[in-house]
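**Q** Following this message is one structure expressed as structure tokens.
The values are calculated or read from the model by the stated rules, or taken from the named source; none is laboratory data. Worth saying up front: this structure is predicted, and the values here are computed from it rather than measured. Positions of Cβ are backbone-derived with ideal geometry, glycine not excepted, and every protein chain shown enters the neighbour counts.
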Amino acid sequence: MRKLAILGSTGSIGTSTLDVVEAHPDRLSVVALAAGRNRELILAQARRFRPRCISVALAEDAEWLESELGYAAEIHHGAEGLLACALHPDADTSVAAVVGAAGLASTEAALRAGRRVCVANKESLVVGGALMRQAQEAGGGELLPIDSEHSALHQLLAGRLPKDIREVRITASGGPFRDWPLERIQAATRAEALNHPTWKMGPKITIDSATLMNKGLEVIEAAMLFGLAADQIRVTVHPQSQVHAMVGFNDGTYQLQVCANDMKLPIQYALLHPDRLPGPVPPYDWNTSRAWTFERPDLQRFPCLALAYGALRAGGTAPTILNAANEEAVSAFLEGRIGFWDIQACVAETLNALPGGPARDLPQVMETDACARTRARAWLTGRGA
């Protein structure tokens, strides 16, 4: 029986994780749930799964939850609450699904404590990938990806020798603007950017998909997870989102991983690995007529992808700066304070303005994160945000 601490339980990954738990009650149980401000949903989840430890964002929400819960549980809030859930002594597996750099400390702590960490929070690996690896080695924990592309690579690369791998390719749907001309993309509205054609995700990751920054972050994540160089990782636009990754071998052949575009599949893979069991998603139907298409990403229309490759090649804290500036810019766009094209401009300016350096430890990385946010906010304020 795996005993789970689900960090980010009210988001799309968290709710899908709980669906997987319900499909495998003999294999999975919930020990801890951590959420943000959606207190009505965390209350419903707590009553349904009765975790021993619960955390929310604010003290007033924690007080409200305690008055409404109806059974005895540890109730926490804030960053300390995230850590309390991640490190609960009864949990052996942590699902890291907190959006943004806020999930970094709890992911690192769970790895250092020797837990299996199923990471959907790609920012943890983008911002502090080397630190995550150090924590994993120090604590003997496991790191398994939940992103569909990295889950696919985990399956494809298992047992393969690095010398046999020529390249890996992760696929991108292309987002809502895949076939839009540059001028129309530059003027895209919030509603248009949130209208993803394939996946149902939270607003931040949906905007990242529209800019292709999400795919850029995934390139950095793949490098951190699998020890790959930037030139070994390619992005292929595949609008149908059925092929999630490919591995190319030195002899010119490729292997592909295919499954339905449902996040419950990579979640279940990470939770139950190495076992493969029937779950809440039906098997892929090969009797249905369909067509798959593949194309190169256009870096002129989607410059965020090129910025991510540049940060990966620069190394050190450059990915931290990239991620922080992007989070600030996306937040400003979602709030209607800047235009869509300003997102990439803010990230590019912040990367140009701040010198990167080695990523030595968690406090130094978080200091870099804070400096990058300050610089990005100053730029956004200059744009009228």
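**Q** Please tell me if ASP285 is at pLDDT below 95 and more than 25 Å from ALA120 (Cβ to Cβ).
**A** Against the criterion (at pLDDT below 95 and more than 25 Å from ALA120 (Cβ to Cβ)), ASP285 qualifies.
**Q** Please specify each residue of region 243-293 satisfying the condition of being within 21 Å of MET201 (Cα to Cα), assigned to a loop (DSSP other than H, G, I, E, B) and among the charged types (D, E, K, R).
**A** ASP262
**Q** Condition first: within 18 Å of THR189 (Cα to Cα), free of Cβ contacts under 8 Å to residues at least 60 places away in the same chain and outside any helix (DSSP H, G or I). Now tell me which residues in region 294-345 satisfy that.
**A** Residues satisfying the conditions are GLU335, ARG337, ILE338.
**Q** Can you name the residue in region 213-242 that is part of a loop (DSSP other than H, G, I, E, B) and farther than 26 Å from ARG133 by Cα and, of all such residues, is modelled with the highest pLDDT?
**A** Per the stated criteria, the residue is HIS238.
**Q** Separate question: Tally time: how many residues in region 38-68 are in a helix (DSSP H, G or I), buried (at least 18 other Cβ atoms within 10 Å of the Cβ) and among the charged types (D, E, K, R)?
**A** Within region 38-68, residues that are in a helix (DSSP H, G or I), buried (at least 18 other Cβ atoms within 10 Å of the Cβ) and among the charged types (D, E, K, R) number 2.
**Q** Give just the number: which of (1) of a type outside the set (S, T, N, Q); (2) in contact with an Asp or Glu (Cβ under 7 Å, 6 or more places away or on another chain); (3) in a loop (DSSP other than H, G, I, E, B) does VAL31 not satisfy?
**A** Of the numbered conditions (1) of a type outside the set (S, T, N, Q); (2) in contact with an Asp or Glu (Cβ under 7 Å, 6 or more places away or on another chain); (3) in a loop (DSSP other than H, G, I, E, B), the odd one out for VAL31 is (3).
**Q** Still on this structure, I have one more. Being in contact (Cβ under 8 Å) with a residue 40 or more places away in the chain and of a type outside the set (Asp, Glu) is the requirement here; does ARG276 meet it?
**A** no
**Q** Let me ask another. Count, please, the residues in region 110-163 that happen to be basic (Lys, Arg), crowded, with 19+ Cβ neighbours inside 10 Å and outside the structural domain of ALA86 (by TED's automatic domain parsing).
**A** Residues in region 110-163 being basic (Lys, Arg), crowded, with 19+ Cβ neighbours inside 10 Å and outside the structural domain of ALA86 (by TED's automatic domain parsing): 0 in total.
**Q** Please give the number of the condition ALA72 fails out of (1) part of a helix (DSSP H, G or I); (2) modelled with pLDDT under 95.
**A** (1)
**Q** Still on this model: Among residues belonging to region 97-109 that are surrounded by fewer than 23 Cβ atoms within 10 Å (Cβ to Cβ) and more than 15 Å from SER12 (Cα to Cα), point out the one that is modelled with the lowest pLDDT.
**A** ALA102
**Q** Against the condition touching a helix residue (DSSP H, G or I) at 6+ places or on another chain (Cβ under 8 Å), over 17 Å from MET366 (Cβ atoms), in contact (Cβ under 8 Å) with a residue 40 or more places away in the chain and not assigned by TED's automatic domain parsing to the domain that holds ILE220, how does ALA105 come out, does it pass?
**A** When the stated conditions are applied, ALA105 does not pass them.
**Q** Surrounded by 21 or more Cβ atoms within 10 Å (Cβ to Cβ) and modelled with pLDDT under 95, is that true of THR198?
**A** In short, no.
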